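This report refers to the structure that appears directly beneath it.
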Amino acid sequence: MLTASHRVAPGLLSWPAWQTLHAADRVLCADDRHPQLPYLREAGVRVEIAGPSAQELVDACAGGRTVVVLASGEGDRTLTDGLARMAGSGRVAMPDLELLPGSYDLPGARLLDLVQVMDRIRRECPWSSQQTHEGLAKYAIEEAYELVEAIEDGDRDELREELGDVLLQVVFHARIAEECEDPDEAFSVDDVAGTLVEKLIHRHPHVFGGESATTPEEVKQHWLRTKAAEKQRVSVTEGVPLGQPGLALAAKLAARVRNAGLDVDLPEGEGVGYELLRLAVRAEAEGVDPEAALRAAGRAFRDAILAAEAMA
């Protein structure tokens with residue numbers, strides 16, 4: 001039985017698969033619309049459209065003949081179950097059975113499935129078909145926080161699931177973007193990925209170009225230089241989202257100031273806000289993420305509350 005991944009272009013089969021197909025006495029396929037058929041015929045392989053039973057297949061192999069069954073994308077459960085029953089009965093002289101993979105999934109192949117599933121959901125789901133970028137924005141924030149929580153908890157299963165939820169937001173927004181009324185503004189998930197690939201290559205000249213970097217610090221300098229050249233920003237504050245959590249905002253601005261070598265005095269003021277600003281800037285200077293530090297303290301506070309409740 002010859003199997004091939006539907007995530008690989010039809011016709012791209014392994015050399016052992018082509019050898020087996022050309023040497024076989026018969027090649028059978030139950031699906032007359034199987035994507036491999038045009039390529040097999042073009043290569044001179046004669047394919048019979050037939051869905052044999054287990055007994056018929058065993059009979060066809062009599063006398064040492066080789067029969068190749070081209071498996072469908074959904075598999076041929078009835079046939080394989082029938083062969084298994086015959087082999088297990090011990091009453092039938094079985095031919096040699098071999099499952100021959102004709103092609104294998106490449107890394108990232110399941111992303112193609114995700115794009116196809118998202119496309120169908122967008123077309124057929126009453127809720128998903130009505131969503132907009134604006135309506136989904138809150139979910140992107142929620143999923144990002146849930147991902148951070150999974151990382152901090154150290155739960156690998158939860159981490160895998162939350163990464164998937166974040167990926168869903170990317171694919172969902174990209175699918176919506178395809179429907180933009182202005183064709184010049186529409187884009188797809190391939191455009192998103194292509195832009196990211198170009199950015200990563202451009203910002204890693206020590207990997208893809210002639211630059212060199214042997215330490216994380218040198219890598220960071222490469223990144224900052226190429227990013228500055230790309231953005232051509234007038235101010236170091238450009239690109240810093242003001243809607244992010246306050247401690248993260250303060251730390252991000254402090255990092256921009258420090259990386260730019262600017263001498264900026266912290267604004268003077270009374271109250272908790274200015275105290276937190278000073279703490280966030282100090283944390284950033286010491287290499288501490290103030291948001292993560294506060295969340296850790298908050299978790300400790302939660303545990304203390306639970307302990308107090310248990311005692312009560």
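The values are calculated or read from the model by the stated rules, or taken from the named source; none is laboratory data. Please read these numbers as outputs of a predicted model, since none were measured by experiment. Counting neighbours? That spans all protein chains shown, and the Cβs are built from the backbone with ideal geometry, glycine included. Surface areas here come from the heavy atoms of the whole protein model, side chains and all, with no ligands, DNA or RNA. Shrake-Rupley method; radii C 1.70, N 1.55, O 1.52, S 1.80 Å.
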Every listed condition ((1) open to solvent by 50 Å² or more (accessible area, probe 1.4 Å); (2) at pLDDT 90 or above; (3) touching a helix residue (DSSP H, G or I) at 6+ places or on another chain (Cβ under 7 Å); (4) not in a helix (DSSP H, G or I)) holds for residue 92 save (2)
**Asked** Can you spot a residue in segment 279-293 that is surrounded by 13 or more Cβ atoms within 10 Å (Cβ to Cβ), β-branched (Val, Ile, Thr) and outside any loop (DSSP other than H, G, I, E, B)?
**Response** yes
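Okay, residues lined up against (1) open to solvent by 40 Å² or more (accessible area, probe 1.4 Å); (2) touching a residue at least 12 places away in the same chain (Cβ under 8 Å); (3) over 27 Å from residue 149 (Cβ atoms):
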site: 172; (1), (2), (3): no, yes, no
site: 198; (1), (2), (3): yes, no, yes
site: 218; (1), (2), (3): yes, yes, yes
site: 232; (1), (2), (3): yes, no, yes
site: 258; (1), (2), (3): yes, yes, yes
site: 276; (1), (2), (3): yes, yes, no
Within segment 243-256, residues being in contact with a Leu (Cβ under 8 Å, 6 or more places away or on another chain) and open to solvent by 70 Å² or more (accessible area, probe 1.4 Å) number 0
Across segment 52-80, the tally of residues that are open to solvent by less than 70 Å² (accessible area, probe 1.4 Å), under 36 Å from the mean Cα position of the chain (by Cα) and touching a residue at least 24 places away in the same chain (Cβ under 8 Å) stands at 8
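Inspect segment 124-138 for any residue being in contact with a Lys or Arg (Cβ under 8 Å, 6 or more places away or on another chain) and under 28 Å from residue 6 (Cβ atoms) and give the result as yes or no.
Checked against the condition, which is being in contact with a Lys or Arg (Cβ under 8 Å, 6 or more places away or on another chain) and under 28 Å from residue 6 (Cβ atoms), segment 124-138 yields at least one hit.
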All-but-one check, residue 102 against (1) within 25 Å of residue 34 (Cβ to Cβ); (2) open to solvent by 40 Å² or more (accessible area, probe 1.4 Å); (3) at pLDDT 90 or above, failing number (2)
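With the structure loaded, tell me whether residue 247 is aliphatic (A, V, I, L, M), closer than 21 Å to residue 293 by Cα, touching a helix residue (DSSP H, G or I) at 6+ places or on another chain (Cβ under 7 Å) and modelled with pLDDT under 90 or whether it fails that test. Please lay out each step first, then the result.
Working: aliphatic (A, V, I, L, M): yes; closer than 21 Å to residue 293 by Cα: yes; touching a helix residue (DSSP H, G or I) at 6+ places or on another chain (Cβ under 7 Å): yes; modelled with pLDDT under 90: no.
So residue 247 fails the test.
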When restricted to 55, 36, the only residue under 21 Å from residue 12 (Cβ atoms), modelled with pLDDT of 90 or more and of a type in the set (S, T, N, Q) is 36
